[in-house]
Every structure is written in C-alpha cells, then in structure tokens.
Amino acid sequence: MDRDNDIDDGQGSAEVNEQDSSSSVSESNQEPKAQKLEDLIAEQLLANESISRTQEKHARRIKQKLPTEKSLLTILLELEAIDQEQILKALRKVKVRSSLGQLLVELGYIKEVDLRNALNIQKQKTPDKSLGRVLIDNHFLSEDLLLDVLSIQLRIPKIDPEFSRIDKALLEAVTPKWCKDLNLIPIGVVKDRTILACVDTLQKGLKEKIQQVYGKDLILGIANSKSVAETIKVFEQSRKQNNIPTNKDINNQATKIVDDILTEAIKAGASDVHFEPLKDHMRVRYRCDGVMMPQSTIATEQLVSVIGRLKVMSGADVSEKRHHQDGRILFENPVTGQNVDMRASFYVTVYGEKVVLRVLSNKVEMLSVDQLGLTPRAVDSFYQEVLDTPSGIILITGPTGSGKTTTLYSCINYLNSIDRSIITAEDPVEYQVEGISQCSLNSKIGLDYKSTLPAMVRQDPDVIVLGEIRDNFSAEAAIQAALTGHKVLTTFHTEDTIGSLLRLMNMNIETFLISSTLVSVLAQRLLRKVCDHCAEPYTPSTSDLSRIGFSKADFAEANLVTGKGCEECHFSGYSGRIGVYELLILNEQVKDAILRNTSSYEIRRISFQTSEMTTLLEEGLLKAANGETTLHEVIRHLPRMEKPRPLSELKRITGTR
C-alpha cells in the first residue's frame, strides 16, 4: 500500500494515546508551561542544526524587548531562521505532553487571544465540542493545520482517504451507515494491523466498536472530515451500483468509447478532454499539466454517435447541430465509483461539432498562500501589505489556465474568519468554501453581474469577491465597492501586472480612482515541473541563452536540469506544475506615476527601484536555476519585456537561498 511509509505502526501509536490524551484537547493544569515547551523545541532545533545558538540568542533578546507576548518559535519564523516543516520535525522528537491550545500558540498557528476566545466559546456555547472542533468551526485555523498538530501530539498518522486505493475486502465487513455513524473509513492492512481513517480518534467507545469488527490489532489515524465524508459517499454509491442491476446496453459502442476515454482522462489527471472532428476521423486529445497530448482516434462513422452520447450525458439538445451549446456532465468513474463533474462545450466546425470537456475536481485541496510558490519576501509582502490591509482592490491576473482561481481561493481561505463577512459572485462557483456566501451567476435567468453587484453591497460584506472583471461595469463596481471601505478580490485577463493598469486606463477608469483603490496586482503563470524520477543535469544552448540575454557564466552556480523521460511522467520529462509570480504593490511612488499617466516602462522602472518587484521571467529563471523547471519552459511561457537582472541580485531581492 502506498501509505505504508506514512503509518507509524509502533506500539506507541493510537492505542496508547487514546487512553490518556483526552486532556490534550482541553486545557490541563498538569501540562508543562509555555517557556519549558519552547525551550525543549528550541533545543531540538539546535540539535537538528536547524538554527544556530547565535540565532536562538538573538530571537530571545527580541522576545524580551517586545511590548506584547510572542512565542520564540514565531519570532524565529519571522526572522526566516526556520520554517514550519523544521518546527514540526523537531516537535516529533520532543518527548513531552502539552495541551493542544498551547501547542498551536507555540507553533504560531493561532494567537493567545484566539485561544482564549475559543475556550470561552467552548465553555459558554458548545461544551460538548472539542477545542479542535471549536477552532475549526469558528475559523481560527484550518482543519488540515489542526490535523498536522494532532498527528504529532497524539503520535498517530494523518491519512488522506481515497476510495480507489482502499482495500475493498475491508469494506465487505461493514456498511456505509456503520462508517457514517462512527465517522471513519477502513483503509488497508499493514503488518496484520487494520488501518482506519477517523475524524475523531478520541470519541467515547470508538475503539471497542471497531474491535468488534476488525479485532484488536488496529492503527487509528486522523483524517479531514470532508475527505472521510466524501469517501463514505463513494462507498455508498458503489454499494448501490453493485446491488442494483443496470439497464445500460453494454453493446452500445459509442457509450463504451466515451466511458473508456473519460475514465482514462481522469486516471491521467487531465484538466480538459478534446474531441476534435477532422476531415477523415475524430481526434481525441488530453490537456495534462497545461500541454495537449494525443490519446486516440475515432472513425468517421462513429463520430455522430459519440457526439450524440456526449450531448445526452451533458443535457444538450441532440437535434441542434447549427449552434454552439454548453452543458454539464456528472460522470461516474466505473473504476472508483466516484462522481466527477465536467463542463461541456459544443462548438460547430466545418467537419462537425467539436467537444471540449473541462474536468472539475470534486476533491479540491485548498492551498495556503505559503504553498502557492511565491518567493519568501513576496509571501511576507503579500500578507502584510496586501491581504492584511482593511480595504482596496487585489487583482490576480494571467491568461486562462494560469492558476488564478487557485490563488484567489487561497486568499479567501486566509481571510475567512469568524469576525469577517465574505460574499462572492462567480461564474460559476468552482470550489465551495464553508463560512462564506457564494453566488453562482446564470445569465439565462438574468442573474448576472449587473443585477448581482448592487445586491452584494447591501449584504454588509467586509470582503467582496468577483470571479472576473469583464467590462467597464464590473470594473467600476469593484472600484466603487473599494471606495466605500470594502476589500475586493477579483481576477483579470492581462499579460502582466503593468498591463492590468493600462487595461483599466483603457476602460476609461480615471487614474485617480485606480491609484486610490488598487492595492496590488499579482500576475502569474504555471510552468511544468521537471520529473524527479528522470531529472538530469542540463547545459543550455547558446540560442536559449541569447533569447534571455544571459551568458553561460550567469548560470555557473545554477542547478539546471531537464527530464529525459520515463514511465512515471509518460516520457514527457515533466510531472506536475509550479506557479511563477510577479507581485506589484502600489506604493506612493507607483501611485504618483499612475496619476501622472506615465508610460508602462516608467511605472515598471519605479516598481523595480522602490518595491523590489521581480518580473515573471526573472522568477522563472530563479526556479529553473533551482532545478524546479527547465529553461525551455521559462522561454516558452513567460513574457520577455527587458533583460533580466543577474541571478545573484534576484536571490538577494527575493530572499531565495
């Protein structure tokens, strides 16, 4: 099983902690004091050589001089002496029991005031809930962060259940209702011990009920409540599918062709599936990691029946062949039993109708801003000077498929809290987020931006999220909302950050309105990552170097690699994607340049000098130099406005090590 390396199957796992870790969820007087805990973690960091003694002493001096209480670890994080991964690694080796709340404070996940508020809520409103659940429900921190800490505190594994990877023999002993009642799902077996993913390993009588089915040899791991619920739902659908006979005609060739193509697309992780009619056949291609890949061909005589099958599945008009159509498919993967949502677009061409299916993931991992791939200093600036500002417009820009929606939802996830009202207007809602009010626009019934934006402002929001600025009306509405004290997040389709400013000006938006409401523009692209399994050193060609204005000496200390191709990456040399960003923060000098209607070159020059902005090309070169992507990907996808600065200077500006 793939998770074997992640499972702690020692004798001190779930069995030991279930009996005596109840006090971990509620504050206990017997826990060690905060000072002792941070000393132990600091000593372990020193032992791991994660920090030096000089850095530790420096952080302690800062702590003593601060007017407000702040943990030693939080100070070390702010000094960029360590990162969260190093803290968690050290914490795993600290042999001490500490309360959940104090542990979260020490790690910098919550503040002391958040802990006090959560404990008050638990005591006064929800005494039956654990502290962890109170923290999650009131948006003091995310469930994934809590699970990371609980996994270490309780010495049990963190598990991400996925129905396709579950040992199906284990499911024969239980029912979906049994799993729902106990809020768990069996996963597999390691060394004769049954592994179960549980939402709450400490619930009363849980272990005894499981032992009645699977015996005494157990490993109880913790898992995200949504993941467990989703997996149980697929289990339930699979059980129904097996029990109820189907009327589908297995001899229907078009049905089998479509099902096989969609199943293979999901397995390959494709974001889009293209059915393209050509002169003498239909071509099927997938888009994987942003690149089109051929999959198969379909004979001309089967074209009509395949298109008809797709129309029936998506709810489109089968008889209509002269106009473009849209639809939606909820496809049940016959391998996993999981429902996959797809958006269908039918486009009339000279050889027939072309169909493109956009595959939407039902199991979206909400990334934090730290995980997007921004450089260290850009992350700090984005938090402090952009997201933490009380009002203004934050623009996320880039072409289609550049990851704007993921970044937008990362910002929403950070801003989502119990004391903030967030409302959205999206077309359509792609990811559903608890705690915010989301509206999915539908122009067919008149639910568009024009009718929705005025209604949003009357809902007393703190944060307004617009799926996209499309025209003058939505641009002016965003600016008016920002002028009245709201924070506005939205996306835009432009080449780079400066291009967004120019496009707003071309929309006849007054420059003084742009300078007074716009806080930041974040431009981005997605580049393919080099496959870890077949990466090898690479020497750039003279042609590639001349295109970016570099010499071989500029890459003397760089770790340039390329993928030679292997089975793991389908012989493409790439696996996965990484984000590349250009962050423009509108300081006073940039605002003044906008008011003076200066050229894009001048605005860019001022941004370089006053805010240490780096271009998309420069950030791409940094990632190529670190061996994350290839120089070919950088040249192929990133705009080249001017010659990039030397790598040594870029590392200094971005805080890259």
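The values are calculated or read from the model by the stated rules, or taken from the named source; none is laboratory data. Please read all numbers here as calculations on a predicted model, not as lab measurements. Quick reminder, even Gly has a Cβ in these numbers, built from the backbone with ideal geometry, and neighbours come from all protein chains shown.
Criterion first (among the hydroxyl-bearing types (S, T, Y), in a loop (DSSP other than H, G, I, E, B), surrounded by 18 or more Cβ atoms within 10 Å (Cβ to Cβ) and touching a residue at least 24 places away in the same chain (Cβ under 8 Å)) does T490 satisfy it?
no
What number of residues within segment 451-468 are exposed (fewer than 15 other Cβ atoms within 10 Å of the Cβ) and in a helix (DSSP H, G or I)?
Residues that pass the stated criteria total 3.
Modelled with pLDDT of 90 or more, over 25 Å from Y409 (Cβ atoms), among the polar types (S, T, N, Q) and assigned to a helix (DSSP H, G or I): does that describe S543? Reasoning before the result, please.
On the way: modelled with pLDDT of 90 or more: no; over 25 Å from Y409 (Cβ atoms): yes; among the polar types (S, T, N, Q): yes; assigned to a helix (DSSP H, G or I): yes.
Criteria not met by S543.
Could you pull out the residue among T629, T615 that is polar (S, T, N, Q), modelled with pLDDT of 90 or more, surrounded by 18 or more Cβ atoms within 10 Å (Cβ to Cβ) and farther than 18 Å from I498 by Cα?
T629
A quick yes/no check of all residues on (1) more than 22 Å from the chain's Cα centre (by Cα); (2) not assigned by TED's automatic domain parsing to the domain that holds G401:
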| position | (1), (2) |
| --- | --- |
| R596 | yes, no |
| Y601 | yes, no |
| I606 | yes, no |
| Q609 | yes, no |
| M613 | yes, no |
| L616 | no, no |
| H637 | no, yes |
| P644 | yes, yes |
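From the list V340, V335, exactly one residue is crowded, with 17+ Cβ neighbours inside 10 Å, of a type in the set (A, V, I, L, M, F, W, C) and farther than 24 Å from I469 by Cα. Which is it?
After ruling out the rest, the residue left standing is V340.
Kindly provide the set of residues from segment 460-484 that are within 15 Å of I514 (Cβ to Cβ) and not polar (S, T, N, Q), ordered by number.
Across segment 460-484, the qualifying residues are I469, A475, E476, A477, A478, I479, A481, A482, L483.
Look at S607 and say whether it is within 21 Å of S520 (Cβ to Cβ) and among the polar types (S, T, N, Q). Lay out the reasoning, then the answer.
Working: within 21 Å of S520 (Cβ to Cβ): yes; among the polar types (S, T, N, Q): yes.
Yes, satisfied.
Name the pairs whose Cβ atoms lie under 7 Å apart, with the first residue in segment 147-165 and closer than 15 Å to K89 by Cβ, the second surrounded by fewer than 21 Cβ atoms within 10 Å (Cβ to Cβ) and acidic (D, E), and 6 or more positions between them or separate chains?
Note: pairs meeting the criteria are R155/D8; K158/D148.
Can you spot a residue in segment 406-417 that is out of contact with any Asp or Glu (no Cβ under 9 Å at 6 or more places or on another chain), surrounded by fewer than 17 Cβ atoms within 10 Å (Cβ to Cβ) and assigned to a loop (DSSP other than H, G, I, E, B)?
Yes, that holds for at least one residue.
What number of residues within segment 469-482 satisfy the criterion of being surrounded by fewer than 18 Cβ atoms within 10 Å (Cβ to Cβ) and closer than 21 Å to T389 by Cα? Before you say what the answer is, go through the steps one by one.
The first filter runs over segment 469-482 and keeps only residues surrounded by fewer than 18 Cβ atoms within 10 Å (Cβ to Cβ), leaving 470-473, 476, 480.
If we keep only those that are closer than 21 Å to T389 by Cα as well, we get 476, 480.
Residues in segment 469-482 being surrounded by fewer than 18 Cβ atoms within 10 Å (Cβ to Cβ) and closer than 21 Å to T389 by Cα: 2 in total.
Can you list residue pairs whose Cβ atoms sit under 6 Å apart, with the first residue in segment 298-320 being surrounded by 15 or more Cβ atoms within 10 Å (Cβ to Cβ) and the second being of a type in the set (S, T, Y)? Count only pairs 6 or more apart in sequence or on different chains.
R309/T255
What are the residues in segment 328-358 that are among the hydroxyl-bearing types (S, T, Y) and either in a strand (DSSP E or B) or more than 24 Å from R165 (Cα to Cα) (or both), if any?
Correct list: S345, Y347, T349, Y351.
If I ask for residues that are touching a Gly at 6+ places or on another chain (Cβ under 7 Å) and not in a helix (DSSP H, G or I), which ones from segment 311-323 would you list?
Matches in segment 311-323: G315, A316, V318.
Can you go through V521, V590, V561, V530 and tell me which one is farther than 21 Å from H637 by Cβ and of a type outside the set (G, A, S)? Steps first, please.
On the way: V521 fails: farther than 21 Å from H637 by Cβ; V561 fails: farther than 21 Å from H637 by Cβ; V530 fails: farther than 21 Å from H637 by Cβ.
After ruling out the rest, the residue left standing is V590.
Determine if segment 175-192 includes at least one residue that is farther than 16 Å from Y214 by Cβ and of a type in the set (V, I, T).
Looking through segment 175-192, none of the residues is farther than 16 Å from Y214 by Cβ and of a type in the set (V, I, T).
Any residue that is surrounded by fewer than 19 Cβ atoms within 10 Å (Cβ to Cβ), over 16 Å from L501 (Cα atoms) and not aromatic (F, W, Y) - is there at least one of those in segment 593-609?
Within segment 593-609, one or more residues are surrounded by fewer than 19 Cβ atoms within 10 Å (Cβ to Cβ), over 16 Å from L501 (Cα atoms) and not aromatic (F, W, Y).
Criterion first (polar (S, T, N, Q) and closer than 20 Å to V291 by Cβ) does S607 satisfy it?
no
Please work out if V429 is touching a strand residue (DSSP E or B) at 6+ places or on another chain (Cβ under 9 Å), free of Cβ contacts under 8 Å to residues at least 12 places away in the same chain, closer than 23 Å to G579 by Cα and in the same structural domain as E602 (by TED's automatic domain parsing). Show your work before the answer.
Values: touching a strand residue (DSSP E or B) at 6+ places or on another chain (Cβ under 9 Å): yes; free of Cβ contacts under 8 Å to residues at least 12 places away in the same chain: yes; closer than 23 Å to G579 by Cα: yes; in the same structural domain as E602 (by TED's automatic domain parsing): yes.
Considered against the rule, which asks whether it is touching a strand residue (DSSP E or B) at 6+ places or on another chain (Cβ under 9 Å), free of Cβ contacts under 8 Å to residues at least 12 places away in the same chain, closer than 23 Å to G579 by Cα and in the same structural domain as E602 (by TED's automatic domain parsing), V429 comes out as yes.
Name the one entry in T175, T231, T201, T194 that is crowded, with 18+ Cβ neighbours inside 10 Å, β-branched (V, I, T) and over 29 Å from the mean Cα position of the chain (by Cα).
T194
Check every one of the strands (runs of 3 or more DSSP E) wholly within segment 269-310 and list those with 3 or more residues that are under 35 Å from the mean Cα position of the chain (by Cα) and either more than 20 Å from V350 (Cα to Cα) or not assigned by TED's automatic domain parsing to the domain that holds V350 (or both).
281-288, 291-299
Can you tell me how many residues in segment 546-575 are assigned to a loop (DSSP other than H, G, I, E, B) and of a type outside the set (K, R)?
14
If you check G352 against the conditions, is it surrounded by fewer than 19 Cβ atoms within 10 Å (Cβ to Cβ) and on the phi > 0 side of the Ramachandran plot?
On the way: surrounded by fewer than 19 Cβ atoms within 10 Å (Cβ to Cβ): yes; on the phi > 0 side of the Ramachandran plot: yes.
Spelling it out, G352 is indeed surrounded by fewer than 19 Cβ atoms within 10 Å (Cβ to Cβ) and on the phi > 0 side of the Ramachandran plot.
Which residue pairs have Cβ atoms under 8 Å apart, sit 6 or more places apart or on different chains, and have a first residue in segment 268-283 that is closer than 14 Å to S305 by Cα and a second that is of a type in the set (F, W, Y)?
Pairs found: P277/Y351; M282/F275.
Quick one: count up the residues across segment 546-564 that are out of contact with any helix residue (DSSP H, G or I) (no Cβ under 7 Å at 6 or more places or on another chain) and at pLDDT 85 or above.
4
Of the conditions (1) in a helix (DSSP H, G or I); (2) surrounded by fewer than 22 Cβ atoms within 10 Å (Cβ to Cβ); (3) among the hydroxyl-bearing types (S, T, Y), S500 satisfies every one except a single condition; which number is it?
The single condition S500 does not satisfy is (2).
Which residue is surrounded by the fewest Cβ atoms within 10 Å (Cβ to Cβ), if the candidates are limited to segment 555-565 and must be touching a Ser or Thr at 6+ places or on another chain (Cβ under 9 Å) and over 12 Å from N626 (Cα atoms)? If you could, list the steps in order and put the result at the bottom.
First, pick out the residues of segment 555-565 that are touching a Ser or Thr at 6+ places or on another chain (Cβ under 9 Å): 555, 557, 560-563, 565.
Now drop any that are not over 12 Å from N626 (Cα atoms), which leaves 563, 565.
Details: G563: 23, G565: 15.
By that ranking, first place goes to G565.
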